[in-house]
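Worksheet: one structure, shown below.
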Amino acid sequence: MNGNLHSLTDVLKRTLFFFETLPAKELAPYVRRKMLKDQSLAQVEEKVELCLKQHSCFVPTGDGQWRLDLKGDRENDHFYHMLLKRQEPLSLWEIIKSSQSKKKKLRRLIAEEANLISDGRFVQLSNGTWGLTEWDLDAGGYPLKHLAIKAFRLHPGGLTLAQVVSVVNNWRETGEKSVEAILEKFPYFEKRGDSLWVYNSKAHQVYDAVTKKYLNILKEQKRRKQQEREQWHKKVQHLKVQMDELAASQREVAAAMAAHALVREQYEHLANQVSEKDLLLSLRKKEILYYQEQVKKLESKAASILYQCRLWVQRARQAQEDSNSLRESLAAAQENLEGMFAKLQQYKEKYRESQASLAELKETHATRMAELQSEIIDLRERVEKLRQGQSKREQYLEDEIERLQSDLKDALEAGEDLQRSIRFMQQEMAKMREEYRRMERRLKGWLVRLAMRIGAVFGR
């Protein structure tokens, strides 16, 4: 079959078709031989795991192994039989173009390329054509260990060394020594009897798990050794720096010793000169002490004068602050007096207005009293009449109440403006009732009753 495989999915299909079941860790080296050579084995293993989970043609067996589903999609069966018949890779679009009369039928039978990718029976080549997974398997590129495992999986009952060699030679030429070395190297190839070899898959899984743990331990030890080596390297560098500093300090000490000898000679010469000048210095010291005493006296006087000046300045500042506070309080008091005077004028105006309203109320009270007296008389007459026509009016009032209820419903449906006016009228009615009750309480006094009776007598 001409052309290389197109994608990672196709490489995984070919590998799983040959080995039937493999974990993602063992699939990664085969993929790295074909593609992704610039990436690490761990990165390739992650991509292989992701690709196996994405496509439905890869089925997990439950123990970390993966197998290839060769049933495929029924919609792709026509294309599968066409490839089996021609035995060469074909392109979907070339087939559709070449068959003009059966174009619609082929489109129904042949699924899209996305379905072919998820079908384990097909692989795509780099030139855009499609072939079958079972064609032209390059078994010679697989390691001898996996070829031996493949042989034992084909013959689960066991094989002799010669039989293993003959089965493996079908895929790749090898010798008995190399096959025997592989069988004796790995513990999951068990020898039963004198010449019969058997493959133990569980032992293989355990061996892989132990190997993985051992490699992790080796990586951890290697990392620790690397850290220790770096630490020792840093210590060595630090000691080298200290040695260089010690050598430089030794050179500086030697130079300092030579300079010290020269300075000592100069010191002895200066000591002779200093001894001659000590006498002059003693005399100068006495004069300096006298001047220092005078300076101390002057400093004490200046300090006392400065203290008195500070006291006077502090007193002046305190007096200034007191005068400022008094001015502020005076201004505030004046503002308060002005406000109080204005309020007093307002209170006087209100008092005058209340006097005028009180006179008006007295006049209205007198007129109201006369009106109430006449209303009382009228009410008595009306009560007499009402008692006579009570039975007739009850029916009339019930009808009137029903009419008023219907009118009230209509009025309630009129809108918010009418409700506001009703509330306002109710408030006014409550005020009038309160005023009427207050007037009744005033009329209950015996003086008021006496005045009413006198007024009634004079009115008659």
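The values are calculated or read from the model by the stated rules, or taken from the named source; none is laboratory data. Predicted, not measured: the structure shown is a model, and the values here were computed from it. FYI the Cβ positions are ideal-geometry reconstructions off the backbone, even for glycines, and counts take in every protein chain you see.
Residue count for the range 45-93 satisfying the condition of being part of a helix (DSSP H, G or I), within 30 Å of Pro23 (Cβ to Cβ) and among the aromatic types (Phe, Trp, Tyr): 1. For the residues Gln355, Gln334, the requirement of being more than 30 Å from Gly455 (Cα to Cα) and assigned to a helix (DSSP H, G or I) singles out Gln334.
The residues of the range 179-191 that are assigned to a helix (DSSP H, G or I) and loosely packed, with under 13 Cβ neighbours inside 10 Å, listed by number, are Ala181, Glu184, Lys185.
Only a single item in (1) in contact with a Ser or Thr (Cβ under 8 Å, 6 or more places away or on another chain); (2) surrounded by fewer than 20 Cβ atoms within 10 Å (Cβ to Cβ) is not met by Cys57, and it is number (2).
Taking (1) closer than 30 Å to Thr367 by Cβ; (2) of a type in the set (A, V, I, L, M, F, W, C); (3) surrounded by 10 or more Cβ atoms within 10 Å (Cβ to Cβ) in turn, Leu404 satisfies each apart from (1).
When the range 119-143 is filtered for residues that are surrounded by 15 or more Cβ atoms within 10 Å (Cβ to Cβ), modelled with pLDDT of 70 or more and over 19 Å from Leu70 (Cα atoms), only Thr129 remains. State yes or no: is Gln273 polar (S, T, N, Q) and either loosely packed, with under 10 Cβ neighbours inside 10 Å or outside any helix (DSSP H, G or I) (or both)? For Gln273, the condition - polar (S, T, N, Q) and either loosely packed, with under 10 Cβ neighbours inside 10 Å or outside any helix (DSSP H, G or I) (or both) - is met.
Within the set Ser391, Ser323, the sole residue that is polar (S, T, N, Q), exposed (fewer than 10 other Cβ atoms within 10 Å of the Cβ), without any contact (Cβ under 8 Å) to a residue 60 or more places away in the chain and over 30 Å from Glu435 (Cβ atoms) turns out to be Ser391.
There is no residue in the range 156-166 that is surrounded by fewer than 18 Cβ atoms within 10 Å (Cβ to Cβ), at pLDDT below 75 and closer than 28 Å to Leu8 by Cα. Checked against (1) over 20 Å from Pro23 (Cα atoms); (2) in contact (Cβ under 8 Å) with a residue 12 or more places away in the chain; (3) polar (S, T, N, Q), Gln231 meets all criteria but (2).
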